[in-house]
Structures are given as structure tokens and as C-alpha cells.
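Single-structure report; data block below.
The values are calculated or read from the model by the stated rules, or taken from the named source; none is laboratory data. Just so you know, these numbers come straight off a predicted model, no measurement behind them. Don't worry about glycine lacking a Cβ; one is built from the backbone with ideal geometry, like all the others, and counts go over all protein chains shown. What goes into the accessible areas is simple: the full protein's heavy atoms, side chains included, and nothing from ligands, DNA or RNA. Shrake-Rupley method; radii C 1.70, N 1.55, O 1.52, S 1.80 Å.
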Amino acid sequence: MQAKTCTHALALGLALVFSGPGAGFAQDATTAEQTVDTMNKLWGRHPGLRANHAKGVVLQGSFTPTPEAAKLSKASLFAGPAVPVTVRFSDATGLPAIADGAKEARPHGLSAKFKLADGSEVDMVLNSLSQFPVATGEEFRDLLVAISQSGPDVPSPKPVEKFAAAHPSIGAALGPLTTPESFARQAYNGVNAFVFVDAAGKRQAFRWRVEPVAGIATLTPEEAGKRPANFLQEEIVARVAEEPVAFRFLAQLAEPGDPTNDATKPWPKERRTVEMGTLTLTKAVPDSASAEKALLFLPNALTDGIEVSDDPLIDARVQAYAVSFGRRQ
């Protein structure tokens, strides 16, 4: 599998899956199917596992909202008291045996499922990217296709090199990625915009930023390469057995003119952020493999008071996640 997968392909094993058109696919295939097909081509098809972010670990805990959160959104998630949460941390790519410290395992992901008092659920799908490499699902699918056509025997400029040259946002997104000392010492972002609606009907666009209470700590490439293959998975299980692991959920608020439909464009860092609550993880799921197979995180699984924005990638992710989920059952 490694032999037919170029470094570019692995480095672009991103936390989200997308769809788009392209040559070489059946005309009646959906764009989501085409994207997952390309991922399966790059990383192989592994029964029972995700097409991307195949390697992960599941933990459980709770989310406690802040008083400020209820002012921004009427969602019951923010009304208190604390609600149960299931979280999955993951490595990038569809390779289930990828080393946690490999460059290709970045960006790392955090997906969370909040279980509300009325029995409904809210999902959040986050990763360590501060912005996404491309703006549309079509571009992402085309990027995957270019990667799949850029094996080691293909002369330069390879298709992926041409694509990257035409899309400078790719380098801006992937360049800053690092390997954390622990999943508990990594910051995670929601690259897509969503919308809060308060009790008076006021709408406020925002993006998620999740910061570890323990602080951010990263490894150099040399340090990461020397760690055991499963060190992130094993460390978070051991850590939570000793003490709770906590994250602050922050909402970065958009101002007029900030784009909500282009995930390649981060908003200025000086934009106001509001602390919406704290996620506290208290235990690892005993049979993580079974839990992972059953879990499906959908970015549009929301509740009254939180809505999708006009970002086209949200629906693209939902469609492709559904295809991937169907194939692992």
C-alpha cells in the first residue's frame, strides 16, 4: 500500500472528506462516491473502517456550557446542565496502521457527539488545520484525483504539483501542521462557518476553536519519528485513566465582510472569541474498535439555535461521510 501512495497523498489525508466531478468515473456515480472511491484507491479499502481517518480512539465525558454561551445561542446544548459527550481522536489517511508520529498522519482530528436531554444529538467534526486547502468539494475531489495520478514514476511536474501551484491555499493550510505530544495537547479547529441563533432570532456566524486546558505542546519531526507507532492512542488512554482531560470550546465570531463560504480564508485573529463551555473527558471506551465502527459524525447534525452557513463544504462532507459509513458496515 505504501509503495503506491506518494508522500503528497499521505500528507493530504485530511480530517474531512469531500466530493467533486472528474474523469474516469461512472457517469451515474454520485460525487461523494467518486471521492470515497479515490480515497480507497490511495489508501486501500479496509473493511469496517473509515475511508479517511481510519485510525482512531474513542473516549467519553461531558460538556458544561458557560453562561455566555446561552446569550449567543438558544440551543439547549448551552442552557445547562452538563451533557454526555462521545469523542473520537484520529490520525489522517485511510491507513489503519499509520504511525501516529508520521507526517502523513497530520492533521489529527477530534469529532464529538453531544447527547442532549431530549434524546437528540449534536455533532462537531474538527481537526488541527487552521484553514482548509481548497474552497469547494469539487476542488478537493480534483486534488485527490491529481494525487492518485502522481506516483513516484510520474515525471515532474506531476499532476499534484500543477494543482498545488494553481492553489496556493494548499501550502498555507498544510505548512503549519505539527505532531502533538498528546491528543490532549493539541488545538482543534472548525474550518467551516456555522451560525448561532439567539432567543430573539439574532444570527451570528462563527467558527469553532478548541483549546486544550493543559496547553499546546508539539514535537519536532525528529522527535515524532522516534515515538512508538501508537503513542498518541496509548498516551491519551493512559492519561485519562489518571486524570480528566479538558478542552475549552471557543467560538470565533465573524464580523461583516468575513467570508462564511470559503474555508481557505481564516478570519483575522483579532476577531472576538467567546468561551462556550468545557469538554471534560473522563474515560476511554473499553472496546474502541466496535464503538468507532458504529459512530457516524455528521457536521449538519445540529439543534435549534445552531445552523449551517452557506459554506458548500458542509453538505459535501455530509454526503461523503454517509458513503464511507455505508461501506464500513
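A few comments on the model shown:
- Links that overshoot a 30 Å alpha carbon limit, given the list Lys71/Lys265; Lys74/Lys113; Lys113/Lys162; Lys71/Lys269; Lys158/Lys265; Lys115/Lys226: Lys113/Lys162; Lys115/Lys226
- Based on C-alpha pairs under 8 angstrom that are at least 6 apart in sequence, region 91-244 has a relative contact order of 26 percent.
- Placed amide H near Asn230: partners under 5 Å, 5+ positions off or other chain: Asp100
- Near the amide H of Ser309, within less than 5 Å, lie the amide hydrogens of Val195, all on another chain or at least 5 residues away, with H placed in the peptide plane.
- Contact order relative to length of the chain, as percent, for alpha carbon pairs under 8 angstrom and 6 or more apart: 25 percent
- Charge dipole of the chain about the Cα centre (unit charges at C-beta), most positive-ward option of Ala117, Ser90, Pro266: Ser90
- Net charge of the neighbourhood of Thr282, taken over other residues with C-beta under 14 Å away and scored Lys/Arg +1, Asp/Glu -1, is 0.
- Lys/Arg +1, Asp/Glu -1 at C-beta; region 125-284 dipole; positive extreme among Gln252, Thr136, Pro157: Gln252
- The residues of the chain present an accessible area of 42 Å² per residue when probed at 1.4 Å with all protein chains retained.
- Placing unit charges on the Cβ atoms only, positive for Lys and Arg and negative for Asp and Glu, gives region 173-220 a dipole magnitude near 200 debye about its Cα centre.
- Per-residue accessible area (protein heavy atoms, 1.4 Å probe) orders Tyr188, Tyr321 as Tyr321, Tyr188, starting from the largest.
- Sorting 157-164, 109-116, 49-56, 97-104 by average packing, meaning the other beta carbons within 10 Å per residue, from highest down gives 49-56, 109-116, 97-104, 157-164.
- Euclidean distance between Cα centres, region 75-110 to region 118-170, Å: 19 Å
- Size of charge dipole - the chain - debye, nearest 20, with Cβ of Lys, Arg +1 and Asp, Glu -1, no other charges: 260 debye
- Phi-based couplings in Hz for region 186-198 (Karplus 6.51, -1.76, 1.60; Gly and Pro marked x): 10, 8, 10, 10, x, 6, 8, 8, 10, 9, 7, 10, 8
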